[in-house]
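Participant: Please see the structure below; I have some questions.
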Amino acid sequence: MRDTFGRVADDLRISVTDRCNFRCVYCMPAAGMAWLARDEVLSFEEIVRLTRILVEECGVRTIRLTGGEPLVRKGIEQLTGMIAAIDPSLDIAMTTNGILLREKAQALRDAGLRRLNVSLDTLHSDRFRNLARRDALDRVLDGLAAAREAGFEPIKLNMVVMRGRNDDEILDFAKLARREGYQVRFIEFMPLDADGIWSQDDVVASRDIIEAIDREFPLEPLLNDRPAPATSFRFKDGAAGGVGVIPSVSDAFCRICNRIRLTAEGHLRTCLFSLQEHDLKVLLRGGASDLEIRDAVVRAVWQKEEGHKIGQADFVRPAKSMSQIGG
Ligand code: SAM
Ligand code: SF4
């Protein structure tokens, strides 16, 4: 599926729920989030049908399950297995806050989940309580251990870096990567938080993050076999693990973006910052054929935005925040 800028969309992010058991400050409000009604959320059968059309008819090769918190969706391991059954060569990944991994990691692995990104923004309990608004650091660390026991390797850690809140832990996360073999991804804070607290001043540029780590632990860039939003590095001294940055704000990867997103209520988004969505649920529930759905997706991808405009005078924030879109 090509867009008018020649990019090919073959990476699908599926939000399986808008609900979450955390309330991260950069994502959700402390209270008062309005959830979708159960019947507004796509059923497993609807998700699988859409995914099959996208894989078989539209060339999607990688799937990421996300949310909200994907592990709070009941039966997520069954859904993972149903998606894996579409095509055993599919690369299926998940982004999770990790709190339920002790219970779920093995079943997910057995169902065909190949890769896991666990979000972790601090190694201090008190800070964790402030950032996630839940007292759950120990459970997340135990969830990470469970993921390893289940055979996920390597595990990626996603750290959203916020100036003055956790940027003093960048080196600690690099040390953690070296000690435990994790691939740590430092993500720039984006204006997708529900509270609207984002400001450009809170963003720590990826370049500065890499320079800070490189001064302490010299780094070597990894060459990607295909264009990728994360710029990844290994440690020159041969230590385990690695680090990477996702410079979504300071050096956006829009020109190589191969992503599309399906929201929990079945809307297709061609960009995190899209101002319009394409309602596929209405087609699914209105008796549309696979070909009609395929055509609607292809038309939507053709209209994919050139890129987001953060920092420009005409930037408009989408009405939805990150957990409602699916990160
Ligand atoms: N609940 C899961 C989790 O937290 O990993 C999956 C959904 S979450 C929306 C997906 C990713 O988006 C997480 O790694 C989270 O840290 C990141 N994220 C959320 N809000 C963000 C923001 N405003 N800027 C940058 N990343 C953000
Ligand atoms: Fe929940 Fe993930 Fe958003 Fe945190 S970032 S509130 S864990 S959806």
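The values are calculated or read from the model by the stated rules, or taken from the named source; none is laboratory data. Because the structure is a prediction, the values reported are computed rather than measured. Cβ atoms come from the backbone with ideal geometry, glycine included; neighbour counts cover every protein chain shown. Accessible surface areas use protein heavy atoms only, side chains included; no ligands, DNA or RNA. Shrake-Rupley method; radii C 1.70, N 1.55, O 1.52, S 1.80 Å.
Participant: State the Cα centre-to-centre distance between segment 273-327 and segment 60-123 in whole Å.
Facilitator: 23 Å
Participant: Check residue 160: other-chain or 5+ apart residues with amide H under 5 Å from its amide H, H built from backbone geometry?
Facilitator: Under 5 Å from the amide H of residue 160: 120, 187.
Participant: By its C-alpha gyration tensor, with a ≥ b ≥ c as the square roots of the eigenvalues, how is segment 121-173 shaped: rounded for a/c under 1.5, else prolate for a/b larger than b/c, else oblate?
Facilitator: Cα axes put segment 121-173 in the oblate bin.
Participant: Given the Cα-Cα distance of residue 179 and residue 239 and 0.36 nm per residue of separation, how much length would full extension add, in nm? If you can, show how the numbers build up before the last one.
Facilitator: Working: separation 60, 0.36 × 60 = 21.60 nm, distance 0.80 nm.
Net length gain for the segment: 20.8 nm.
Participant: Moving to a separate point now. Taking 1 over the mean of 1/r across every pair of different Cα atoms in segment 110-260, what Kirkwood radius in Å do you get?
Facilitator: About 16.2 Å for segment 110-260.
Participant: Cα atoms only, the chain: Rg and Dmax in Å?
Facilitator: When restricted to the Cα atoms of the chain, Rg and Dmax are 19.0, 59 Å.
Participant: Still on this structure, please answer the following. Using 7 Å Cα-to-Cβ label points, what is the residue 197/residue 316 separation (nm, one decimal)?
Facilitator: In this crude label model, residue 197 to residue 316 measures out at 2.7 nm.
Participant: Which links in 74/281; 74/320; 104/236; 104/175 stretch past 29 Å when you go from one Cα to the other? Present the calculation step by step, with values, prior to reporting the outcome.
Facilitator: Values: 74/281 20 Å; 74/320 24 Å; 104/236 35 Å; 104/175 27 Å.
104/236, as the Cα separations exceed 29 Å there.
Participant: Something else: Could you list the residues of segment 25-52 with an amide nitrogen less than 20 Å from a label point located 7 Å from the Cα of residue 107 in the Cα-to-C-beta direction?
Facilitator: Only 42-48 fall inside the zone, counting backbone N under 20 Å.
Participant: So which cysteines in the chain don't have a second cysteine's C-beta under 4.7 Å from them?
Facilitator: Cys with no partner Cβ under 4.7 Å: 20, 58, 254, 257, 271.
Participant: Take residue 115, project a point 7 Å from its Cα along the Cβ direction, then tell me which residues of segment 76-94 have their backbone nitrogen under 19 Å from it.
Facilitator: In segment 76-94, the label zone of residue 115 (backbone N under 19 Å from the point 7 Å along Cα→Cβ) covers 80-81, 83-94.
Participant: R0 = 35 Å: FRET efficiency of residue 256 with residue 126, Cβ-based, nearest 0.05?
Facilitator: Working: r = 39 Å, r/R0 = 1.11.
Once the sixth-power term is evaluated, E becomes 0.35.
Participant: Also, I was wondering about something else. How are the alpha carbon pair distances in segment 181-247 distributed across 10 Å bins from zero to the largest one, expressed in percent?
Facilitator: 20, 45, 25, 9, 0
Participant: For segment 185-290, taking Cα atoms only, what is the radius of gyration to one decimal and the Dmax to the nearest whole Å?
Facilitator: 18.4, 59
Participant: In nm, to one decimal, how far is the residue 139 label point from the residue 21 one, both placed 7 Å along Cα→Cβ?
Facilitator: 0.4 nm
Participant: Over the chain, what percent of the accessible surface lies on carbon and sulfur atoms, probe 1.4 Å? The partial results should precede the final answer.
Facilitator: Details: 6970 of 14080 Å².
Carbon and sulfur atoms account for 50 percent of the accessible area of the chain.
Participant: Can you give the accessible area per residue of segment 139-281, in Å², using a 1.4 Å probe? Don't skip to the end; give the middle numbers.
Facilitator: Working: 6060 Å² over 143 residues.
About 42 Å² of surface per residue is accessible.
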